[in-house]
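Colleague: The structure follows.
The values are calculated or read from the model by the stated rules, or taken from the named source; none is laboratory data. All values derive from a computational prediction rather than experimental measurement. For neighbour counting, all protein chains shown are included, and Cβ atoms are generated from backbone atoms with ideal geometry for every residue, glycine included.
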């Protein structure tokens, strides 16, 4: 009986996530200023003064950011490791922000706004 239930559940469509692009810098600022962005052992703040601060997997995270041509452009350090500079597409679904590297052509990471 349990195999039948699993088979039926596997065939059911999953609800589609409705991530919408964030292309306006003012909208992005409204979402992140004064909030933390969290994800599995990571907690970051994107600050109004252009700094990124926080912790990730037990190490300090630091960097700088700016909104440029519809993208979140950042340089980032995780501890002493330079994670480089990248401009990322930002998408929103509820209290989740999805950052997609390489101007939306790369990999993504989802953060909860808290």
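Colleague: Every residue in segment 95-114 that is surrounded by fewer than 17 Cβ atoms within 10 Å (Cβ to Cβ) and in a strand (DSSP E or B), please.
Modeller: Scanning segment 95-114 gives 96, 108, 109, 110, 112, 113.
Colleague: Select from segment 62-78 the residues that are loosely packed, with under 13 Cβ neighbours inside 10 Å and touching a strand residue (DSSP E or B) at 6+ places or on another chain (Cβ under 7 Å) and write down the one among them that is farthest from residue 47 (Cα to Cα).
Modeller: So, considering only residues that are loosely packed, with under 13 Cβ neighbours inside 10 Å and touching a strand residue (DSSP E or B) at 6+ places or on another chain (Cβ under 7 Å), the one farthest from residue 47 (Cα to Cα) is 68.
Colleague: Same structure, new question: With respect to residue 54, determine if the residue is crowded, with 17+ Cβ neighbours inside 10 Å, under 15 Å from the mean Cα position of the chain (by Cα), at positive phi and modelled with pLDDT of 95 or more.
Modeller: yes
Colleague: What number goes with the only condition from (1) more than 12 Å from residue 21 (Cβ to Cβ); (2) in a strand (DSSP E or B) that residue 92 does not pass?
Modeller: Going through (1) more than 12 Å from residue 21 (Cβ to Cβ); (2) in a strand (DSSP E or B) one by one, residue 92 breaks only (1).
Colleague: Moving on to the next point. Specify the residue that is surrounded by the fewest Cβ atoms within 10 Å (Cβ to Cβ); the eligible residues are those in segment 22-41 that are touching a residue at least 60 places away in the same chain (Cβ under 8 Å) and either in contact with a helix residue (DSSP H, G or I) (Cβ under 9 Å, 6 or more places away or on another chain) or assigned to a helix (DSSP H, G or I) (or both).
Modeller: Looking at residues that are touching a residue at least 60 places away in the same chain (Cβ under 8 Å) and either in contact with a helix residue (DSSP H, G or I) (Cβ under 9 Å, 6 or more places away or on another chain) or assigned to a helix (DSSP H, G or I) (or both), I get 31.
Colleague: Report yes if residue 86 is loosely packed, with under 13 Cβ neighbours inside 10 Å and farther than 15 Å from residue 29 by Cα, otherwise no.
Modeller: It is false that residue 86 is loosely packed, with under 13 Cβ neighbours inside 10 Å and farther than 15 Å from residue 29 by Cα.
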